[in-house]
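Heads up: the structure comes next, in structure tokens.
The values are calculated or read from the model by the stated rules, or taken from the named source; none is laboratory data. Since this is a predicted model, take the numbers as computed values, not measurements. Ideal geometry is used to build each Cβ from the backbone, glycine not excepted, and the neighbour counts take in all protein chains shown. The area values use the complete protein model at the heavy-atom level, side chains included, leaving out ligands, DNA and RNA. Shrake-Rupley method; radii C 1.70, N 1.55, O 1.52, S 1.80 Å.
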Amino acid sequence: MAVTAFRNAEFGTDPGAGRVVGTDVAAGGAGIDDPAMLRCLLDQTPTPTALVEGDSDHCAFANAAFRALGVVAGTGLTERFPALAASLIAEARRTAQPQRNRAAGDRSTDGERFWDVRVTPMLGVNGVVRALIVTAEETPESVAEHDRRLRDVSHRLKNTLQLVSSLLTLQTLSSKDPEVRRALQSAGGRVGIVTQAHQRTHGSLRAGTIDMAVHLRELCQELEATLPGAPRVQVTADATEMPTEAVIPFSLIVSELVSNAARHAFPSGTPGAIDVRLGRGDGGSIRLEVVDRGAGLPPGLDLSRATTLGLKVVRAFVGQLRGKLTADSSPYGTRVVVEFPPA
């Protein structure tokens, strides 16, 4: 009712104009189409309600319930109320459809509270989104308990992955066949990458997205310490949000490409550097580049048909993320590019 009231007051679209609430319009009383009365009604509704206009997340109006949470007109709504994800606003604008995020945490220093957040587009002429209505209802304790249990399951999964990695390490140490040892070491390394990626997503289960720039820097720092020949790995990354479910395949793609460059680009232990870059490409796509200044790819090698396990892993996960893999090589180095669709 409060949402309808604000829509009517702002845009004059009252479907019940002429009806009265406790008084007679003809006698000069306040009717349902009186903007002052409707604003008062919206301001006093117990559900935190705000209006977002324009292309940003700036709050044009916040009722008393939202103001009590620190949200006031003229401020960034996602900054003042972290339970509202910027991606929810963007999706509502893009699709012109209502969006919802249940049990979103507000990361409050006084103890995290969880909210059922809804973003409802207000459509104008020709279906154009004119504004967004944001409402938030605090969730019951049972939902917060469910969130805690979900985190417990995530923690147990991390411990299980670490156990698998330890078993592979023990099997590697007990094997006398060099080929078997190398295969087990590679498998253990991949399990380790999955474990680390899972650990980084542990705190983003409800947010739904993670900043890949931060993750990429930490991942490459860990890779640099284990690479053969100890090449330097230099990372240039813009803030780039991706879904949490993309973190593990993305991490394995980066690990395989960087490790492959370290093994083959710098023969005979020649020192070198590997550049890893992350940013936006054409049309808002997410662009990952792994560049070395080494010997280049072997003549005739086609990444799309290479049969090595590492490149098979890369192709499989690039496909899973609906990406596109290309390579440009010369005697002066190789550039491998992966383009992912916009998040």
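Non-local amide H neighbours of D106 (under 5 Å, H modeled in plane, Pro and chain starts lacking H): which ones?
Excluding prolines and chain starts, which carry no amide H, the hits are R113.
With a Förster radius of 30 Å, plug the Cβ-Cβ distance of R232 and L309 into 1/(1 + (r/R0)^6) and report the FRET value to the nearest 0.05.
That gives a FRET efficiency of 0.70.
Just to verify a number: FRET efficiency for H58 and Q320, C-beta to C-beta distance, R0 = 30 Å, to 0.05?
Working from the Cβ atoms, E equals 0.25.
State whether the stretch 268-327 is rounded, prolate or oblate according to the following rule on the C-alpha gyration tensor (a ≥ b ≥ c being the square roots of its eigenvalues): a/c under 1.5 gives rounded; otherwise a/b larger than b/c gives prolate, and the remaining case gives oblate.
oblate
Would the stretch 236-312 count as rounded, prolate or oblate if I go by the C-alpha gyration tensor, calling it rounded below 1.5 in a/c and otherwise prolate when a/b exceeds b/c, oblate otherwise?
Here the stretch 236-312 falls in the prolate category.
Using a 7 Å offset from the Cα along the Cα-to-Cβ direction at both Q199 and E179, what is the distance between the two label points in nm, to one decimal?
Spacing of the two 7 Å Cα→Cβ label points: 3.4 nm.
Convert each backbone phi in the stretch 116-130 into a coupling constant with the Karplus relation 6.51 cos²θ - 1.76 cosθ + 1.60 (shift: θ = phi - 60°), then list the ³J(HN,Hα) values in order as whole Hz, x for Gly and Pro.
9, 9, 10, 10, 10, x, 9, 9, x, 5, 6, x, 6, 6, 8
So if each residue of separation counts as 0.36 nm, and I subtract the Cα-Cα distance between S285 and E112, what length gain in nm does that give?
Length difference between fully extended and current span is 58.9 nm.
For the stretch 193-343, what are Rg and Dmax over the alpha carbons, in angstrom?
14.8, 47
When only C-alpha pairs under 8 Å and at least 6 residues apart count, what is the relative contact order of the stretch 189-343, in percent?
22
Taking 7 Å along the Cα-to-C-beta vector as the label spot, tell me the R100-D328 distance in nanometres, rounded to one decimal.
4.7
Residue by residue through the stretch 315-329, what is 3J(HN,Hα) from phi via Karplus (6.51 cos²θ - 1.76 cosθ + 1.60, θ = phi - 60°)? Round to whole Hz and write x for glycine and proline.
4, 4, 7, 4, x, 4, 8, 6, x, 10, 10, 9, 9, 10, 10
Could you calculate the FRET efficiency of R217 with A273 from 1/(1 + (r/R0)^6), where r is the beta carbon distance between them and R0 is 22 Å, rounded to 0.05?
With a Förster radius of 22 Å, E is 0.90.
Could you work out what % of the accessible surface of the stretch 229-316 is carbon and sulfur, using a 1.4 angstrom probe and leaving DNA, RNA and ligands out of the count?
Exposed carbon and sulfur together represent 53 percent of the surface.
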